[in-house]
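Right, one structure below, let's go through it.
The values are calculated or read from the model by the stated rules, or taken from the named source; none is laboratory data. The structure presented is a predicted model; accordingly, all values stated were derived computationally and were not measured. Backbone-built Cβ (ideal geometry, glycine too); neighbour counts: all protein chains shown. Ligands, DNA and RNA are excluded from the accessible area calculation, which covers all protein heavy atoms including side chains. Shrake-Rupley method; radii C 1.70, N 1.55, O 1.52, S 1.80 Å.
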Amino acid sequence: MTHFRPVALHHASRLVNHGPTVLVTSAAGGRRNVMAAAWSMPVEFTPPRIAVVIDKKTFTRELVAASGAFGLCIPGAALRDVTFTVGSTSGRDVDKFARFGIASQAGPELGMPVIEEGCSAWLECRLIPEPHAEEAYDTCFGEVLSAAADSRIFDTGRWSFRDDNRDLHTIHHLGAGNFVTAGNGIQARMLPGD
Ligand SMILES: Cc1cc2nc3c(=O)[nH]c(=O)nc-3n(C[C@H](O)[C@H](O)[C@H](O)COP(=O)(O)O)c2cc1C
């Protein structure tokens, strides 16, 4: 007897979208902003490139189009309320950094706001213009020009999720404000075979 049941197609994305939720930061013309995004992924090792879905209705999209750049910050579990809040409010009429007490600094390469307090890592990306993908799928591609991570959880290229760094564990959106944190690492090995 199978335990599998059909999944409503409007829930299909939830089956694959629990990579780390990120904060997309942006700045242009004296304005700055931050929003949550659950839909991001790497698309190339060298040069390092990523893709992130940024809805065309967001203020973030406006700033990204104006500056040709964006930041991605990886919030830890301690920032779950901030993440949910900046993902549920628009920065069009308010500076969310000031309103919600989010400390940021200018990134070294592109001057994008990057958040270290409560985050495990950040990346600064140059927008790779792909007008069709942006218009049709709200998908923005970026080349990563600088990145940094908190060495208590990411060091020499490896994540280390431990009990003593729980506040920095990445958060993974299941929908409607529900998150799980990363942890319980398991090591895979190659199956024997021809
Ligand atoms: C957990 C979470 C994940 C989200 N993921 C995305 C996403 O991947 N892409 C997107 O366009 N909006 C996403 N949103 C919605 C935006 O964050 C939301 O529209 C935000 O208010 C836009 O802010 P802005 O208008 O200040 O740019 C998400 C919201 C939450 C709470």
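Here are the numbers for this structure:
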| item | result |
| --- | --- |
| Choice from Val64, Val43, Val82 showing the highest fluctuation, given a GNM over the chain with Cα pairs closer than 10 Å | Val43 |
| Candidates per trypsin sites (Lys or Arg not before Pro) in segment 57-91, loop by DSSP, up to 14 other Cβ within 10 Å | Lys57 |
| Exposed-site-free run, longest, the chain (rule: chymotrypsin sites (Phe, Trp or Tyr not before Pro); DSSP loop; at most 15 other C-beta within 10 Å) | 101-194 |
| Accessible carbon and sulfur surface of segment 97-194 relative to its total accessible area, %, 1.4 Å | 50 |
| Accessible area of segment 53-149 divided out per residue, in Å², using a probe of 1.4 angstrom | 47 |
| Simple spin-label estimate for His10 and Thr85 in nanometres, 7 Å along Cα-Cβ | 2.9 |
| Segment 10-131 shape via C-alpha gyration tensor axes, a/c threshold 1.5 | rounded |
| Residue-wise HN-Hα coupling along segment 149-163, computed from phi with Karplus coefficients 6.51, -1.76, 1.60 (Hz; x: Gly, Pro) | 9, 6, 5, 6, 10, 9, 9, 6, x, 10, 6, 9, 8, 10, 4 |
| Among His18, His132, His169, residue whose mean-square fluctuation peaks in a GNM of the chain (springs only between Cα atoms under 10 Å) | His132 |
| Rounded accessible area per residue of segment 1-48, 1.4 Å, Å² | 71 |
